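Computed from the coordinates by the stated procedures, all read-outs in this text should not be read as laboratory data. A quick note: this is a predicted structure, and the numbers were derived from the prediction, not measured.
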Amino acid sequence: MITWINGAFGSGKSTLAARLHQALPGSVVADPEEIGDLLRRTLTGHPGKLRDYQDYPAWRHLTTAYISEIAAHTSGHVLVPMTVLNPAYAAEVFTPLRRSPGLVHLVLHVEPDELKARIDASEEFPGDETRSEAVRAYRRRRAVDYAAAATAWMHADGHVIDTSALPAHAVLQAALSRISPATP
């Protein structure tokens, strides 16, 4: 099974993926951001370089192939922490993944004030305030994009877990209940 963990930037997708990985024996975490990083490095200086790697058709094709192949190879849970805000891109990636071996689309929702507080408190690069603030600034800018996508399509397409007031263990339990209702 593939579990795609979507949501706002800074909503806890990677944290949840790590906790699910610990809770689900045989699971793997597959992060499509690594494909994006590969495309960025490959296309550095090229006139066809795009700002957002998800805008590359190659990112969407490679992500679908990567996740599908990892699922086939491992025969276990594949956990994918990745924000996808564009509904056309989500459809392009999710449609083939829903066919086989199956896809559960989780959406981590955080109310705007709580999201702002989490972003302001985050320190992605301990000891490097400049880099940490760059990440925070990006997350703040994209919060509006998440809110629009959540209303337009994302909440209707996925299983929403409102993490605004939930402790981490409760978020994990809510995710586990969506992935496999029989999971303890």
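With a/c under 1.5 counting as rounded, go ahead and sort the stretch 74-128 into rounded, prolate or oblate using the C-alpha gyration tensor (a ≥ b ≥ c being the square roots of the eigenvalues; past the cut-off, prolate if a/b is larger than b/c, else oblate).
prolate
Highest GNM mean-square fluctuation, the chain, Cα pairs closer than 10 Å: which of S122, S27, S164?
S122
In deg cm²/dmol and to the nearest 500, what is the mean residue ellipticity at 222 nm of the chain if only DSSP H runs of at least 4 residues count, each as -39500 (n - 2.57), divided by the residue total?
Per the formula, -16500 deg cm²/dmol.
Rounded to whole Å, give me the distance from the Cα center of the stretch 57-104 to that of the stretch 108-184.
Centre-to-centre (Cα) distance: 20 Å.
What number do you get for the stretch 1-106 when its Cα radius of gyration is normalised by 2.2 N^0.38 Å, N = residues?
1.06
Picking from L85, L38, L97, which is most flexible by a Gaussian network model of the chain using Cα springs under 10 Å?
Comparing L85, L38, L97 in a Gaussian network model of the chain, the most mobile one is L38.
Does the stretch 66-170 classify as rounded, prolate or oblate by the C-alpha gyration tensor (a ≥ b ≥ c root eigenvalues; a/c under 1.5 gives rounded; else a/b over b/c gives prolate, otherwise oblate)?
Verdict is prolate for the stretch 66-170.
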